[in-house]
Each structure stands twice: as C-alpha cells, then as structure tokens.
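Scroll down for the structure; my scribbles are underneath it.
What follows is calculated from the coordinates using simple rules that are stated; it is not laboratory data. Here the structure is a predicted model, which is why all the values come from computation and not from measurement.
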Amino acid sequence: MEDIEYFNSKQPQDIDDYYFQGNAGYFKTFEPERETAFAYDSVMAFGLAACASDSEEGFTGPQILEALRAKSFTGASGLVRMDPETTSRDPFS
C-alpha cells in the first residue's frame, strides 16, 4: 500500500481523472496475466528508482542502478526485490 501511495504522490495532481490513480486494493480486485504483471513491475521498478534519485535535474544510469539495488516493493506479481550483486530480480521474490 505504501508504494501505491508513493507512486500516486508523483502523479500530476492538477488534472482530475486524467491520470491513473491506484488504490490499495487494486491488485486484489484485478488479476493480470503473469507476463503482464512482470512487465508492469519492471516499469514500476524503473519509475520508483527514478523517483528515488531525488535530483531536480534528472538522473544518471549509475543513480538508477543504485536505487534499483536498494528498492523492494509489492508489485502486480508479488514482492519485487533486486539482487544487489546482479541487479536482476531476486528469484525468491
């Protein structure tokens, strides 16, 4: 739930009903296909890593890589955690 709230906080707030706003129960009421869930989670991982860079000017590849290594979240496919050595998804997540 915390990750969905964080993601929603990064969405533009000035245009009502135009941007998707997730809610805490979204993935409890919608069951995506397995491949769709992994694709969604990979995009979310990149987006969360970009937001974690905390840079007003943007971010660099090394910043994204470090943020990916440190970030874990509950995504559409379940727990998403990266192996800090390979930056691949931890096979146990």
Gain upon complete extension [Phe92, Ser42; 0.36 nm per residue less C-alpha separation]: 16.4 nm
Once Glu57 and Thr29 are pulled to full extension, the length gained, defined as 0.36 nm per residue separation minus their Cα-Cα distance, is 6.3 nm
Find the percent of Cα-Cα distances in region 25-93 that exceed 14 Å, and round it to a whole number. 59
